[in-house]
Structures are given as structure tokens and as C-alpha cells.
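> Provided herewith is a single structure, encoded as C-alpha cells, for subsequent inquiry.
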Amino acid sequence: MSIKTILNYSPNFDSKKRNFKKIKCIIFHYTGMKKESEAINRLTDTQFKVSSHYLIKNNGEIMVLVPDLYIAWHAGVSSWKDFVSLNRNSIGIEISNPGHNYNYKSFSKKQIQSILKLSKFLIKKYKIYPKNILGHSDIAPNRKKDPGEKFPWQYLAKKKVGLWHSLSNKMLKKNRMIKIDSVSKIVFNNNLIKIGYLKRNQKELKNSKFINSVIIAFQRRYRQELIDGKIDKECLIISENLAKKFN
């Protein structure tokens, strides 16, 4: 299998090559800038010290910025399960989109087709598990919102790119905005640990602001219709369903 790409190499990467076995995750981002050309310039300018391995343009073209075996600078301060500083263990894919600060919009059909094609290529090449297909907000919830609630996580999961819950819409709506007790909230947090958002005994577990950012990140991905930072029964049953899949 091969994919058609265009080259526009970025100088922003670690010069030392990594072993291909180190590649365990795919991280999706949106560019978060008004113009696509501005985003490309930023990702290839030494002044800004950011990059990704790939950028998917508005028209669906796939641009290579950093070769896979070099560490691109896309994840920043980040963690997921036992991974920290995920630049070392991931491939970063930027998707052209103005983001939440500049009239966030739905991703185009051509972009989604390219996301799917590129992801399947990388998953097969590096044997990446579905549970390690992540968004920037998953691994840095206190800093990032991307790729956001308009990213087609459910569609991609149906095509075996990433994971999604197996609950019906009827079940979800029935439990939406139903309050839960403090014991159920602890169960929810334990489910987030199993999924990968939190770790036991971390100081963040006592930081209510951080916990709130994790809840919002969880909702942006798995409960995209309502992002309010509140743990309700719908969030609880989604987390229970996912915890079984992520184990």
C-alpha cells in the first residue's frame, strides 16, 4: 500500500533517528490558524519550533513535513497511560482547520478520506493499536482543544481507526444530564485511568481544574453533542463501556 504525498520538509525536528518500534501512537491536531498558508509557514519556520509529520490540506492533499523516523515537535507537554512527552512515541498529523479561535468548522469530505487513508497506512506499517489513536486534547487536556468536537471520531472508529463506544443514541439521550452521586464520580475517574487520561496517585487527581479539563476533553471526543464539563450518567456509562475496550 502506498499513499500520494507532496513534500515540504520542516527543519523543526530532532536530528537523531528513532527506531521504528518506538512509534506507538498517532496524534491528530488541527492547525488552528485563519489561513492554511499561515499554518504551513509556521510548521516549517525555525522561529516557531513546531512541526508535525504530516499536514492534510483543505483539498485533501497530504503533505510530508517530517519523515516518520524523526521526532517532530507537535505534542508538547503530554501524557497518556504510561507515555510521557509523546513526541518520542508518536506520529503527528495536522489537519487544516481554523479551530475554535477562528470560526471552527467541520472537516471536509476530502480531508476525512485522506485522514482515513493515511491512518490505515501508518497503522499497518507500525502496528499501532486502536487505543493509541489519539487527539491532542486527549494527551494535553489542560492546554489543547484540538482536533475538537467536529472531528469524525465515530466514523473513523467504524473504519477501524481508533475506538468508540458501542452504546445506542437512545440509551445515551435517556441518561443525558442525569446527575450522579459522589461514588459514581469516583467510578468515572477510575474509568478515565483505565482509558488513559489519568494516572493513579498523580497530583492532578487532586486538582479540580485539571480534572475539569479532562472531562471536557473526554466529552469533545466521546460526547460531542454536549460539552459542559459536568459528569452525568451519560458520561458515566460511556466511560464504563470504553474502559472495557481500552484494557
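> Got a number for residues in the range 214-245 being over 16 Å from G196 (Cα atoms) and surrounded by fewer than 23 Cβ atoms within 10 Å (Cβ to Cβ)?
Of the residues in that region, 12 qualify.
> Considering only the range 193-201, I want to know if a residue exists there that is assigned by TED's automatic domain parsing to the domain that holds F107, of a type in the set (K, R) and under 20 Å from the mean Cα position of the chain (by Cα).
No, every residue in the range 193-201 fails to be assigned by TED's automatic domain parsing to the domain that holds F107, of a type in the set (K, R) and under 20 Å from the mean Cα position of the chain (by Cα).
> Another question about this same structure. Out of everything in the range 155-172 that is without any contact (Cβ under 8 Å) to a residue 40 or more places away in the chain and part of a helix (DSSP H, G or I), what residue ends up being nearest to the chain's Cα centre (by Cα)?
This residue is A157.
> Look at G148 and say whether it is part of a loop (DSSP other than H, G, I, E, B), closer than 27 Å to I211 by Cα and in contact with a strand residue (DSSP E or B) (Cβ under 7 Å, 6 or more places away or on another chain).
For G148, the condition - part of a loop (DSSP other than H, G, I, E, B), closer than 27 Å to I211 by Cα and in contact with a strand residue (DSSP E or B) (Cβ under 7 Å, 6 or more places away or on another chain) - is met.
> List the strands (runs of 3 or more DSSP E) inside the range 1-105, counting only whole elements, that have at least 1 residues being crowded, with 23+ Cβ neighbours inside 10 Å and in the same structural domain as P147 (by TED's automatic domain parsing).
25-30, 54-56, 90-95
> A further question follows. Give me the pairs: first residue in the range 227-246 and of a type in the set (V, I, T), second residue surrounded by fewer than 17 Cβ atoms within 10 Å (Cβ to Cβ) and part of a loop (DSSP other than H, G, I, E, B), beta-carbon distance under 8 Å, and six or more apart or on different chains, which are they?
I237/L167; I238/L167
The values are calculated or read from the model by the stated rules, or taken from the named source; none is laboratory data. Model, not experiment: these values are computed from the prediction. All Cβ positions, glycine included, derive from the backbone under ideal geometry; neighbour counts span all protein chains shown.
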